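Following: one structure in structure tokens, then a few remarks.
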Amino acid sequence: MTTLRTFIAIELEQELKDQLFRVQDQLRAQGVARGVRWVQPEGIHLTLKFLGDTPLERIEEVKAALARAAAKVDPFSFSISGLGCFPNTRQPRVVWVGLQEPTGAMVRLRDAVEAQVAPLGFPTENRAFSPHLTLGRVQRYASKSEVRDIGQAVAASAIGVVGEMTARTVCYIQSDLKPSGAVYTTLFEAELKLG
């Protein structure tokens, strides 16, 4: 069975990607360069649902499900601010920047996506939705002192508001893992509810 590795996400405007690159640079300047594999800014997405290996015959069904989900939610604005780590700054595995969207529209969109793709065989996520943008992942080979330094640098960084944007569409994206990094292809773009 042929499959594609896919996920559903909001694409960021280029200006925000440029700002996120500056945040990565700021962290690198603070000595966080070693031990972290930084995500290329072009590959930073606001992921709503990771579908994983998706059978080719399901692709059109997922597109239709995404269109139905998008039609339920109005366009919304969000801001990007604050740095953190998963699971925490004492044991960082992922370095992220946070998202603020006070109306609840982002959560409603995520919930609508979950509800539409679950009947297609993509189980609903049990964890609470924690909107974020991944800036980097701590390498498995990072030493204890490097891991400690990464967490301390993130905890000590105050970046303020990085930027804002209005989400008007949500995308169905294919991810091809290559030795040089992931290559992303947008398979479908659904407009959020108009009017």
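Nothing in this text is a laboratory measurement; each read-out follows from the coordinates by a stated rule. Remember, predicted model here, so these are calculated numbers, not experimental data. Because the Cβ atoms are built from the backbone with ideal geometry, glycine has one as well, and the counts that use them run over all protein chains shown.
Taking other Cβ within 10 Å of each residue's Cβ, how do 42, 15 sort, fewest first? Walk me through the intermediate numbers first.
Values: 42 14, 15 11.
Taking fewest neighbouring Cβ atoms as first place, the list is 15, 42.
Rounded if a/c is under 1.5, else prolate if a/b is larger than b/c, else oblate: which is region 97-194, with a ≥ b ≥ c the root eigenvalues of its Cα gyration tensor? Working shown, then result.
Details: a/c = 1.94, a/b = 1.47, b/c = 1.32.
Prolate.
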Requested in this report: Compute the acute angle (0 to 90°) between the alpha-carbon long axis of helix 105-117 and the principal axis of greatest extent of the alpha-carbon atoms of the chain; round to the nearest 10°.
Outcome: 60 degrees
Report summary line: Sorted largest first, the Cα spans of the chain on the principal axes come out in Å as 47, 41, 30
Report task. Tell me the chymotrypsin sites (Phe, Trp or Tyr not before Pro) within region 127-191 that lie in a loop according to DSSP and have at most 10 other beta-carbon atoms within 10 Å. Result -> 141
**Report entry** Computed lengthening from residue 187 to residue 156, 0.36 nm per intervening residue step minus Cα-Cα distance
**Finding:** 7.2 nm
**Report entry** Fewest-first sequence of 78, 21 by Cβ atoms within 10 Å of each Cβ
**Finding:** 21, 78
Query - Largest-first principal axis extents, alpha carbons of region 1-103, Å - result: 47, 37, 26
Query raised in the report: Pulled fully out, how much extra length does the chain show between residue 168 and residue 140, if you take 0.36 nm times their separation in residues and subtract their Cα-Cα distance?
Result: 6.4 nm
Report task. Find which of 152, 16, 112 sits farthest along the positive direction of the dipole of the chain, computed with +1 on the beta-carbon of Lys and Arg, -1 on that of Asp and Glu, about the Cα centre. Result -> 152
**Report entry** aspartates and glutamates whose Cα lies under 16 Å from that of residue 17, excluding same-chain neighbours fewer than 8 positions away
**Finding:** 25, 42, 164
Report task. Describe numerically, in nm with one decimal, the distance between label points set 7 Å from Cα along Cα→Cβ at residue 53 and at residue 21. Result -> 3.5 nm
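Percent relative contact order of region 3-191, based on C-alpha pairs within less than 8 angstrom and at least six residues apart?
Numbers: 349 pairs, mean separation 65.2, N = 189.
Reported as a whole number, the value is 34 percent.
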